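Here the structure comes first, spelled out in structure tokens, and everything after it is commentary.
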Amino acid sequence: MTSADYEPASLPDLLPLYYRRLFPFSQYYRWLNYGGVQKNYFQHREFSFTLKDDIYVRYQSFNTQNELEKEMQKMNPYKIDIGAVYSHRPNQHNTVKSGSFQALEKELVFDIDMTDYDDVRSCCSAADICPKCWTLMTIAIRILDRALREDFGFRHLLWVYSGRRGVHCWVCDEAARKLSVAARSAIAEYLSLVKGGDETVRKVVLSDPIHPSIRDALKVVERYFPQYALHDQAVLGLKESVDKVLALVPEDILYGGTDSREPLLKDLHTYFESEKNPEKRWGLLRGCATTKQGTLKKGQHFEKEIMLQYCYPRLDVNVSKGVNHLLKSPFSVHPKTGRISVPIDLRQLDKFDPFDVPTISLICAELDRPRVGEEEEQVPKEKDSDIDAAERRRIRDYKRTSLAKYVKVLDQFLDGVALSNRGELLKKSDLQKDF
């Protein structure tokens with residue numbers, strides 16, 4: 001077995017090494033403590049651990065980074081989930097008077113899972129993914145990131161690969177963390193466009209005028225649609241795929257406003273028999289939309305509805321609206337794939353490849369490989385005094401592995417959050433006249 005190969009049976013042997021020498025506890029604590037702006041914020045945070053044989057342990061909480069480290073190194077969880085910040089310490093929830101133990105705050109989170117796109121991807125299904133359908137995750141991140149930043153004014157968005165078939169977004173702004181269930185639900189609904197179950201044919205219906213946020217989403221979709229949908233998924237290739245697309249075209253366009261099936265539908269099939277180029281086939285359909293634009297009460301945006309149905313983000317709204325809903329933690333290991341749940345650098349989004357994300361097997365093997373010049377790597381002096389010997393060794397260790405660049409992404413994200421936290425501390429000190 002090469003170092004990049006992963007066997008689930010090896011996980012019990014690899015996890016102790018991962019948590020002892022590679023897990024970025026310092027950055028992890030720095031993130032969830034939010035600069036200590038709010039007292040007991042980290043101490044009142046719920047963690048849950050999934051252990052070997054699917055033993056699930058909820059309501060874990062810790063006083064310090066060191067306490068968290070020791071417990072994780074003792075339990076070696078197969079999966080880590082992060083929950084809400086509660087009114088009391090979660091590990092003492094059984095001692096609190098009934099009804100007074102309440103979830104107060106949590107990051108606004110989004111979960112996008114590839115299985116929700118099974119009706120519009122032909123390359124894979126269920127938990128399987130490939131580079132062809134991964135484009136859907138790229139599109140989802142671009143659309144949601146823009147909307148959350150520009151439409152809602154959020155700044156601190158941490159995008160994370162789940163380790164298998166999807167992505168998560170953690171909106172970490174203070175305003176986002178304090179949102180009510182109603183506000184979270186409203187934001188999730190605002191960002192939801194594809195609606196209806198398996199029995200619903202047209203899952204996207206646009207009204208006129210098209211909302212500005214949807215117009216912005218269309219700009220993203222139009223950039224990726226030709227390669228993703230027309231070529232990679234061949235939505236206008238085989239007859240079965242073509243019929244699926246034509247089912248989304250309004251009947252008064254297909255049938256010319258009569259009960260006859262002759263007019264456009266017959267012309268399209270005839271044209272498609274002789275023209276195999278997917279762009280030209282799509283061009284004809286778009287031409288029909290342009291011709292009908294403004295003459296129909298409904299369906300005048302059908303070509304946009306088709307593109308959005310095939311490409312627009314599909315959210316699990318329940319994950320977003322619940323304050324007490326837990327979500328898989330960054331840097332957790334996926335037990336089936338062995339891949340680490342890593343932050344995504346949006347500056348390199350189009351180059352992100354889930355199959356390049358390191359497995360726990362790979363990074364543990366990399367620890368044994370000597371690297372030229374690694375002894376010269378130094379921790380910055382201003383940080384050195386705050387870092388104990390074990391932490392310095394861990395920094396040295398992860399920098400020797402493929403995990404390093406992903407920890408750096410988290411570091412850069414945390415620097416931005418820290419600036420906001422310092423601003424909040426200054427505001428509080430000014431209000432208290434504590435100069």
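The values are calculated or read from the model by the stated rules, or taken from the named source; none is laboratory data. This structure is a prediction, so every number in the text was calculated from the model and none was measured. Every residue, glycine as well, gets a Cβ built from its backbone with ideal geometry; the counts of neighbours run over all protein chains shown. Accessible surface is based on the protein model in full, side chains and every heavy atom, while ligands, DNA and RNA are left aside. Shrake-Rupley method; radii C 1.70, N 1.55, O 1.52, S 1.80 Å.
Between ARG149, ARG142, the distinction of being without any contact (Cβ under 8 Å) to a residue 60 or more places away in the chain and in a helix (DSSP H, G or I) belongs to ARG149 only. Residue pairs whose Cβ atoms lie under 7 Å apart, separated by 6 or more positions or on different chains, with the first residue in the stretch 106-135 and without any contact (Cβ under 8 Å) to a residue 24 or more places away in the chain and the second part of a loop (DSSP other than H, G, I, E, B) and among the aromatic types (Phe, Trp, Tyr), do not occur. Scanning the stretch 79-100 for residues that are open to solvent by less than 40 Å² (accessible area, probe 1.4 Å), over 16 Å from VAL319 (Cβ atoms) and either in contact (Cβ under 8 Å) with a residue 12 or more places away in the chain or in contact with a Pro (Cβ under 6 Å, 6 or more places away or on another chain) (or both) yields ILE80, VAL85, TYR86, SER87, PRO90.
Once the stretch 249-293 is narrowed to residues that are at pLDDT below 70 and part of a helix (DSSP H, G or I), the residue that is nearest to TYR228 (Cα to Cα) is LYS292.
Take PHE42 and decide whether it is outside any helix (DSSP H, G or I), touching a Pro at 6+ places or on another chain (Cβ under 8 Å) and buried (at least 19 other Cβ atoms within 10 Å of the Cβ).
Against the criterion (outside any helix (DSSP H, G or I), touching a Pro at 6+ places or on another chain (Cβ under 8 Å) and buried (at least 19 other Cβ atoms within 10 Å of the Cβ)), PHE42 does not qualify.
Give me the residue from the stretch 310-331 that is farther than 17 Å from SER213 by Cβ and not in a loop (DSSP other than H, G, I, E, B) and, out of that set, most open to solvent (accessible area, probe 1.4 Å).
Applying the filter and picking the extreme gives ASN318.
Among the numbered conditions (1) modelled with pLDDT of 95 or more; (2) open to solvent by less than 20 Å² (accessible area, probe 1.4 Å); (3) part of a helix (DSSP H, G or I), the only one that HIS168 does not meet is (3). Listed by first and then second residue, the pairs linking a residue in the stretch 181-196 that is in contact (Cβ under 8 Å) with a residue 60 or more places away in the chain to a residue that is open to solvent by 70 Å² or more (accessible area, probe 1.4 Å) and part of a helix (DSSP H, G or I), with Cβ atoms under 6 Å apart and 6 or more places separating them unless they lie on different chains, are VAL181/LYS321; ARG184/LYS321; SER185/LYS321; ALA188/LYS321. Taking the conditions exactly as written (touching a residue at least 60 places away in the same chain (Cβ under 8 Å), part of a loop (DSSP other than H, G, I, E, B) and at negative phi), does LYS203 satisfy them or not? Yes.
Just name the residue that is surrounded by the fewest Cβ atoms within 10 Å (Cβ to Cβ) out of those in the stretch 106-130 that are farther than 22 Å from LYS203 by Cα and among the aliphatic types (A, V, I, L, M).
Top of the filtered list is ALA127.
Residue pairs whose Cβ atoms lie under 9 Å apart, sitting 6 or more positions apart in sequence or on different chains, and linking a residue in the stretch 52-68 that is within 18 Å of VAL333 (Cα to Cα) and among the basic types (Lys, Arg) to a partner that is open to solvent by 80 Å² or more (accessible area, probe 1.4 Å) and in a strand (DSSP E or B), do not occur here. Look at the stretch 225-251: where a residue is touching a residue at least 40 places away in the same chain (Cβ under 8 Å) and closer than 19 Å to THR290 by Cα and a partner is open to solvent by 30 Å² or more (accessible area, probe 1.4 Å) and part of a helix (DSSP H, G or I), sitting 6+ places away or on another chain with Cβ atoms under 7 Å, you get PRO226/GLU279.
The condition (being open to solvent by 60 Å² or more (accessible area, probe 1.4 Å) and not aliphatic (A, V, I, L, M)) is satisfied by just one residue among ASP232, ASP252: ASP252.
Between VAL221, VAL242, the distinction of being β-branched (Val, Ile, Thr), surrounded by 13 or more Cβ atoms within 10 Å (Cβ to Cβ), part of a helix (DSSP H, G or I) and modelled with pLDDT under 95 belongs to VAL242 only.
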